[in-house]
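Notes for the one structure printed next.
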Amino acid sequence: MRRRWPRRLLVTAFVLLLLAVVGATWFTHRLMVEVLSGRAFAAPEAAEITDPLTLGYRGDPSRALGLPFTELTVDTPLGPAPAWLVPGAEQAQLGAIFVHGIGGAREDGYAYLRELHAAGLPTLLITYRNDAGAPAAPDGLRSFGLTEWQDLEAAMIALQAQGVQKVVLVGASMGGGIIGQFLARSDLAADVAAVVLDAPALDFPIVLAHVTDRLGLPLRSLGTRLALPAFALTHGVNLGQAQVIPVLAAFPGPVLLFHGSADRIVPKETSFALLAARQGQTTFLHTRGDHLQSRAAEPARFSALLAGFLAALPR
């Protein structure tokens, strides 16, 4: 009888370990669904935000910054999506498109719009699948650019129909991942003149590991690795492919990059990895801000770098 105890202990330990692994995988999988559905970023009702440079502000460009704009409809593969076009210089051939992240909105582009407008660039502030007013994806989930790049391509076509030839792509958070997938997959990638990235989410597995580390989940490293193929089985999307650092590293045009060291959502290491891999012209402002808070952390340097970057682009 005594000889059975070591075996029972080993079996019990194995079963407990297996349950812990399954639990870590399930929790991480559930976390992915909450993040990609946008529910993880749903904020409780609060007082109306009046500063257009503060995340969460809602209102059109005229109300926000006193800028004229036109309502456009972008014909995406899933259906019509609303957009705002802020005009630039007369007969401008260089324009810009702003791409927001998960839980964000086209109003997040106001952090860059003053400089874009002052530089004379017609600027399109877009919505894409799963945004309010835009078509919903079949599963209602974001895919870190693996599908959303098609909506950006449709926005590029809409902006070029206004007479623009070359475009500056501005991406915040997951917007950076969408831009990366666009550059990798779209036939219009050659029309991108420059890229501006703010706290860009360029590698979903790294972002997921960063979030689970912050939550302090047990067996989080193993759970993260197993949750990715599990999600591919349950939702048909392999988010392990949502990695675009090499794509942006190879982009031949200039890149302007902002990232805060206190970022709780996208680790600053992804931007440092991009900086190390870049061969072309790259400007990097590293601040002490949280996620998408580099402008708030260093407003003068942020504005000056953005304005100088845009002024140097060929027209």
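Residue 227 meets the conditions (1) hydrophobic (A, V, I, L, M, F, W, C); (2) at pLDDT below 95; (3) over 25 Å from residue 262 (Cβ atoms); (4) open to solvent by 10 Å² or more (accessible area, probe 1.4 Å) in every case but one. The failed one is (4). Could you go through the stretch 126-146 and let me know if any residue there is aliphatic (A, V, I, L, M) and part of a helix (DSSP H, G or I). Checked the stretch 126-146: no residue is aliphatic (A, V, I, L, M) and part of a helix (DSSP H, G or I). Looking at 163, 145, just one residue is open to solvent by less than 20 Å² (accessible area, probe 1.4 Å) and at positive phi, and that residue is 145.
Restricting attention to the stretch 110-131 and to residues that are small (Gly, Ala, Ser) and in contact with a strand residue (DSSP E or B) (Cβ under 9 Å, 6 or more places away or on another chain), the residue that is surrounded by the fewest Cβ atoms within 10 Å (Cβ to Cβ) turns out to be 120. Among the residues making up the stretch 87-109, those that are surrounded by fewer than 23 Cβ atoms within 10 Å (Cβ to Cβ), in contact (Cβ under 8 Å) with a residue 12 or more places away in the chain and over 22 Å from residue 183 (Cβ atoms) are 87, 88, 89, 91, 92, 103, 105. Have a look at 24, 40, 13 and point out the one that is more than 16 Å from residue 132 (Cβ to Cβ), touching a helix residue (DSSP H, G or I) at 6+ places or on another chain (Cβ under 7 Å), open to solvent by 50 Å² or more (accessible area, probe 1.4 Å) and at pLDDT below 90. Going through 24, 40, 13 in turn, just one is more than 16 Å from residue 132 (Cβ to Cβ), touching a helix residue (DSSP H, G or I) at 6+ places or on another chain (Cβ under 7 Å), open to solvent by 50 Å² or more (accessible area, probe 1.4 Å) and at pLDDT below 90: 40. Figure legend. Inter-residue proximity from the stretch 271-291: first residues free of Cβ contacts under 8 Å to residues at least 12 places away in the same chain, second residues of a type in the set (Asp, Glu), beta-carbon distance below 7 Å, spacing 6+ or different chains. No pairs are indicated.
In this structure, residue 233 does not satisfy being assigned to a helix (DSSP H, G or I), open to solvent by 40 Å² or more (accessible area, probe 1.4 Å) and either on the phi > 0 side of the Ramachandran plot or touching a residue at least 60 places away in the same chain (Cβ under 8 Å) (or both).
Screening the stretch 236-284 for residues that are among the aromatic types (Phe, Trp, Tyr) and open to solvent by 10 Å² or more (accessible area, probe 1.4 Å) and picking the one that is nearest to residue 186 (Cα to Cα) gives 251.
Filtering the stretch 182-194 to residues that are surrounded by 24 or more Cβ atoms within 10 Å (Cβ to Cβ) and in contact (Cβ under 8 Å) with a residue 60 or more places away in the chain leaves nothing. Being within 28 Å of residue 236 (Cβ to Cβ) and not aromatic (Phe, Trp, Tyr): is that true of residue 78 here? Yes.
The values are calculated or read from the model by the stated rules, or taken from the named source; none is laboratory data. Source: prediction; values computed, not measured. Positions of Cβ are backbone-derived with ideal geometry, glycine not excepted, and every protein chain shown enters the neighbour counts. We work out accessible area using only protein heavy atoms, side chains counted, and drop any ligands, DNA or RNA first. Shrake-Rupley method; radii C 1.70, N 1.55, O 1.52, S 1.80 Å.
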